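Structure record follows, encoded as structure tokens.
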Amino acid sequence: MLRAIAQPFGWLLLQLYEVFGNYGVAVILFALIVKVILLPFQMKSKRGMMQQSLLQPRLKELEKKHGANKAKYNEEVAKLYREEGVNPASGCIWSLIPFPILLALYQVIRNPLTSMMGVAQEAVADGGALLTRLRDVAQRLIANGSETAELLSRLGLAEGEKAGGYVEIAQTQFIGMHLGEFGDIPGVTEKLRAVNFRFLGMDMGAQPEWNFLWTADWSDPKIWAPGLGLFLIPIVTGALTFLTAKVSAKLNAAAQPEGQSSMKMMVALMPLMTVYFGFIVPAALGVYWIANSVFGAAQDIWLHKRYARIIEAENAEKNERRRAKEAELEAKRLETERKKAENATTVNPNTSKRKQQTTERQEQIAKAAEWEKKNQPPPDGEPARVGSRRYARGRAYDPDRFGPDADSSDERERDESRPSGETHGGDAPPKADGDETADDGETADDGAGTEESVEADDSGNGGEDV
């Protein structure tokens, strides 16, 4: 799949090389064209990150308000992003696009025959037409003394040796120097090009040597100068990666405050990884990385200045619309309050059914509260209460209905109508045992009088007992 993606990149790199005739310049222009192609995506990413940075104060307010309720906080944050039209993942998605491009370019630089020139994979495989011709030409040059046996190892043609990862670069360089020897291979010859990998005296197909400083021959500048240039490519790449990461972290610090720890780690690790990869890949990829870092830093600064002005103008317009809307709502509220005070409110015919039901429900609740307040039970100490019985005498009981002394005069009249010895309750006090004889005697002597008295008492107190 990566090989298929690399085909258009290889074609573009080859066209740039044929136009400018310099492999290093072609790589730098390739980086510039890629930046221009990805500019719309980078613009969207930068805009999203800057919009997030402006929302940080409101996000902190939501965190203070709903910090304990994570579900409510996430819901409010999603609502805020939706209202402001901000995609929180937009800054991350588009920033990942350059990595597949870097891998595809690595495939082009590593396999120039198949990825850049478009030679079929079968032609460079064991037994293929191009690989067979390469072996024949190399053996003929070795036989006449023009080359050494080391040539076969460099071209990946030595028996019993495994070809290196960058053998196609060596084969391309060899074909470019002896292009006339490959002029009659059907389906292959028309695709071959003589590519010179030299740029500023350096071989862009070679790998920088990490131990160059203590193994180089410093006697001849023509020998150590290209090697020193190759050695500096990974160092410059790491330095530019560090500076670019610092600039990006500074510009985007407000947009992603929660990711500052990971950003600091990336600022520290990415330059080291860049230096490491710079020593194990061809120098051309390091040149692309340098050009990409320079163009990326310039693009980031330009986009930041541009969108700072645009977003500021948009926010000013949004705030103006928000203030106008709030003023309109406040005016409507004051008008409604005035009409309510004048009892001149009318029902809007366009009011939704749900809103009408809600209004009716609120009115019912208000009426119920008013009725409960009006008919609430009397407090303790009211004349209707008897002991713990709240309404023993009825809700409408009024002790002063017939005058303030009506109850006391009625009680006195009933007490006077009772025989002596009886209490208000109608029960006689208990008698002692010695009084039984006297009572019997009195009953025997005055039986008739006693019966009359009892009847009188019964007739007089019957109502009271009841």
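A few points about this structure:
- Residue in segment 119-139 that is closer than 29 Å to Leu285 by Cβ and basic (Lys, Arg) present: yes
- Answer residue from segment 108-124, given it is among the polar types (S, T, N, Q) and crowded, with 20+ Cβ neighbours inside 10 Å and is farthest from Ala4 (Cα to Cα) among those: Asn111
- Residue ranges of helices (runs of 4 or more DSSP H) in segment 1-63 with at least 3 members under 27 Å from Trp302 (Cα atoms) and of a type in the set (Val, Ile, Thr): 23-37
- Selected residue (only one of Gly205, Gly201 is surrounded by 12 or more Cβ atoms within 10 Å (Cβ to Cβ) and under 26 Å from Leu16 (Cβ atoms)): Gly205
- Unmet requirement for Val137, which otherwise passes all of (1) more than 13 Å from the chain's Cα centre (by Cα); (2) at pLDDT below 80; (3) surrounded by 15 or more Cβ atoms within 10 Å (Cβ to Cβ): (2)
- Screening Gly259, Gly238 for residues that are of a type outside the set (S, T, N, Q), modelled with pLDDT of 85 or more and in a helix (DSSP H, G or I) leaves exactly one candidate, Gly238.
- The residue that is surrounded by the most Cβ atoms within 10 Å (Cβ to Cβ), counting only those in segment 289-312 that are closer than 30 Å to Val27 by Cα and without any contact (Cβ under 8 Å) to a residue 24 or more places away in the chain, is Arg306.
- Within segment 134-151, residues that are under 16 Å from Gln173 (Cα atoms) and β-branched (Val, Ile, Thr) sit with their Cβ atoms under 8 Å from residues that are outside any helix (DSSP H, G or I) and modelled with pLDDT of 85 or more, at 6+ positions apart or across chains, in these pairs: Val137/His178.
- Check on Leu96, under 27 Å from Gly24 (Cβ atoms) and under 45 Å from the mean Cα position of the chain (by Cα): no
- Some residue of segment 172-184 being in a loop (DSSP other than H, G, I, E, B) and at pLDDT below 85: yes
- The combined condition, being in contact with a helix residue (DSSP H, G or I) (Cβ under 8 Å, 6 or more places away or on another chain), among the polar types (S, T, N, Q) and surrounded by 10 or more Cβ atoms within 10 Å (Cβ to Cβ), is fulfilled by Asn315.
- Considering residues of segment 3-22 that are aromatic (Phe, Trp, Tyr) and surrounded by 16 or more Cβ atoms within 10 Å (Cβ to Cβ) only, the residue nearest to Thr114 (Cα to Cα): Phe9
- When Gly145 is tested against the conditions (1) closer than 29 Å to Phe279 by Cβ; (2) small (Gly, Ala, Ser); (3) modelled with pLDDT of 80 or more; (4) not in a helix (DSSP H, G or I), the lone failure is (1).
- Residue match in segment 33-54 (condition: surrounded by fewer than 18 Cβ atoms within 10 Å (Cβ to Cβ), farther than 21 Å from Leu12 by Cα and free of Cβ contacts under 8 Å to residues at least 40 places away in the same chain): no
- Only a single criterion out of (1) modelled with pLDDT of 90 or more; (2) surrounded by 13 or more Cβ atoms within 10 Å (Cβ to Cβ); (3) not polar (S, T, N, Q) is not satisfied by Glu76, namely (1).
- Any hit, segment 315-335, residues being touching a residue at least 40 places away in the same chain (Cβ under 8 Å) and of a type in the set (Asp, Glu): no
- Check on Thr237, more than 53 Å from the chain's Cα centre (by Cα) and either surrounded by 12 or more Cβ atoms within 10 Å (Cβ to Cβ) or of a type in the set (A, V, I, L, M, F, W, C) (or both): no
The values are calculated or read from the model by the stated rules, or taken from the named source; none is laboratory data. Since the structure is predicted, the reported quantities are computational estimates derived from the model, not experimental observations. With ideal geometry, Cβ positions are generated from the backbone for all residues, glycine too; neighbour counts draw on all protein chains shown.
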